[in-house]
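These notes concern the structure reproduced below.
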Amino acid sequence: MKTNKIFNFITFFIGVIFVIEINAQTNIGINFPINIPISNMDNTATPGLLYGSLNFGYMFAPNHEGRIDLSYHKFGEKTYYNSKISGSFIPITFGYNYYFVNNDFKFYATINTGNYIGSGDFKKSHLGFAPGFGLSYAFPNSNIKLNFSPLYNIVSSAGDNIHYLSLNIGLAYKLSSGESSGIETKDETSGTKKTTKNEKKKDNVKKSKELKFESTGTSADGFLKASFDLGKRVKEFNTKLEDITIFISVLLSNPADLIGKDASAAIITTRQTGSSAISNVNFEELTTKANLFKDLKTSDIKSYDDAKAKYKDAKDLKDSVLKEIMAKVDIFKDLKTSDFLPTITGFIDDLKGVQNDLKQIPDDVTKLINEAKDLPGNLKSELTGLKATKLPKVLKGIDQSKGNLEATTQEVPKMVDNVIKLISLLDVISSSFK
C-alpha cells in the first residue's frame, strides 16, 4: 500500500511537470483503444472495444518525445468458475517515444510505465508498463496527425502478472503558440516581443545542417552538391524577401524604429525579437498602409478627422488601420527622403535580380532530376565489396535531394508572386519620397 502511494505521488508529480511544459512542441491527442486479454487474463475477461485515452506528448529533442497518458481500459464480462467477472483499469502512465524517421509518415518505438488503477473486479492499483511501437501520419498543411500504436500491457499483481494488448487508434493535434499573423511575435499581456524556445532550436538545427555540403565520396557528389547549392540559393532568396518585408512592415507600422538607424539594423533587431516568415504577411493590409502612407506624405492631412473625411467612401479601409497610421502621422511626415529613398531603390533592384534568377530555377531543377535518373544504377556498379555498405545512405540522400528539388519547383511560383507584390509596395512607398 505504501509503495502504491509513493508511486501515485511520483506519477502525479511528473504529470504536473509535463503539463507545465506544454508549448509549441507539444501534441495533445485522443485514442480509442481496443483491449484484448491474453495469457492468464484471457480466463477472466473478454475484449473491450473502443474505450478512451487522453495523452500529451512533449518533443524535448529531435526524434525524442516524452508523454503522459490517462486511459480507461474496460473489458467485457466473462464467466469464470460459475462467477461473472468484469472490470477495468485506469492507467496513469508516463513514457517515451523514439521516432526513427522525421517526416509526415513516422515509425516509432514506445515504452510507458505508471499506475494501473483497478475497478470492478480488478479492485487494486498495480504498477505496470507497456512497450510497443507506433505509426503516425501528419496530414499535409495541418496540425493534425493520425496515430496507430499497439501496446503490450504488463500489470504486476500478487499472483501472476496480468497481460493484455491495447490497439490504439486516434488523432493528435500539435498545439501552436507564439505564432503570429504579422512579422513579429508579441506577449499578449505585456506587449513585449519574444521568440519561442522551439523556434530558436529549430533555427539552430536548420542552420547547422545548411552550413556545408558533406561529400559522400561517390559519383553522386556532383548531383548532390548542385542540389545543395540550389537549395542554398533559394534559402538566400527567401531571406532577402523576408528582410525587405520586415523593412516595409516596420516603416509602415513602427517608423520610429527606423529613425537614426540603417535598414539592416532594424531588420536584425526584428529578426532577433520575432518571427519573420513571409507566409505570415498580410499583403492586402500592407498595400492599404502603403497607399495611406503616400497620401499622408504628399497631402495636407493632419488629423484623424481629416483622413476619415478623405476616405469616407473607401469601403475596404478598416478604421483600425486608419487610426494606426494617423497615430504616427507626425513621424511619417518627418521621415527624410535622403534617409530612405536610396534604401528603397536598392531593394527594388535586388528584387528584380531575384525575379530573374527565380525564372531560371525550374530549368535547373529539371536538368538535375534528369541527371539523377542514372545514379542508382551507376552507384550499384561503383559501390561493391565493403563499399556497398554506403549505398543505402547515398541512395537515401539522392531521394531526399530529389524531393527537395520537387518542393522547390512548387515554392518558386509563390516566391515570384511575393517578389511582384513587394516591388509594387516599394514603388508606392518610393513615390512618397519623390
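The values are calculated or read from the model by the stated rules, or taken from the named source; none is laboratory data. Because the structure is a prediction, the values reported are computed rather than measured. All Cβ positions, glycine included, derive from the backbone under ideal geometry; neighbour counts span all protein chains shown.
Brief remarks follow.
- Residue within the stretch 367-380 that is closer than 21 Å to residue 217 by Cα, in the same structural domain as residue 428 (by TED's automatic domain parsing), touching a Lys or Arg at 6+ places or on another chain (Cβ under 7 Å) and not in a helix (DSSP H, G or I) present: no
- Of all residues making up the stretch 93-103, the number that are surrounded by fewer than 18 Cβ atoms within 10 Å (Cβ to Cβ) and in contact with a Ser or Thr (Cβ under 9 Å, 6 or more places away or on another chain): 2
- Number of residues in the stretch 35-63 that are surrounded by fewer than 16 Cβ atoms within 10 Å (Cβ to Cβ) and at pLDDT 90 or above equals 1.
- Every pair of residues 6+ apart whose Cβ atoms lie under 8 Å, when the first sits in the stretch 145-157 and is of a type outside the set (Ser, Thr, Tyr) while the second is outside any strand (DSSP E or B): 145/139; 146/139; 154/161; 155/161
- Restricting the stretch 71-111 to residues that are basic (Lys, Arg) and more than 19 Å from residue 32 (Cβ to Cβ) leaves a set whose member that is farthest from the chain's Cα centre (by Cα) is 84.
- As a summary of the residue check, residue 242 satisfies the conditions (1) over 30 Å from residue 286 (Cα atoms); (2) modelled with pLDDT of 55 or more except for the one numbered (1).
- Count of residues meeting criterion [surrounded by fewer than 18 Cβ atoms within 10 Å (Cβ to Cβ) and either of a type outside the set (Asp, Glu) or outside the structural domain of residue 86 (by TED's automatic domain parsing) (or both)] in the stretch 119-131: 6
- Some residue of the stretch 169-187 being at pLDDT 70 or above and under 18 Å from residue 36 (Cα atoms): yes
- Pairs where the first residue, in the stretch 217-235, is farther than 21 Å from residue 378 by Cα and surrounded by fewer than 16 Cβ atoms within 10 Å (Cβ to Cβ) and the second is modelled with pLDDT under 90 and not aromatic (Phe, Trp, Tyr), C-beta under 9 Å, 6+ apart: 232/210; 235/210
- Within the stretch 250-269, the set of residues being at pLDDT 70 or above and either surrounded by 21 or more Cβ atoms within 10 Å (Cβ to Cβ) or not in a helix (DSSP H, G or I) (or both) comprises 250, 251, 252, 254.
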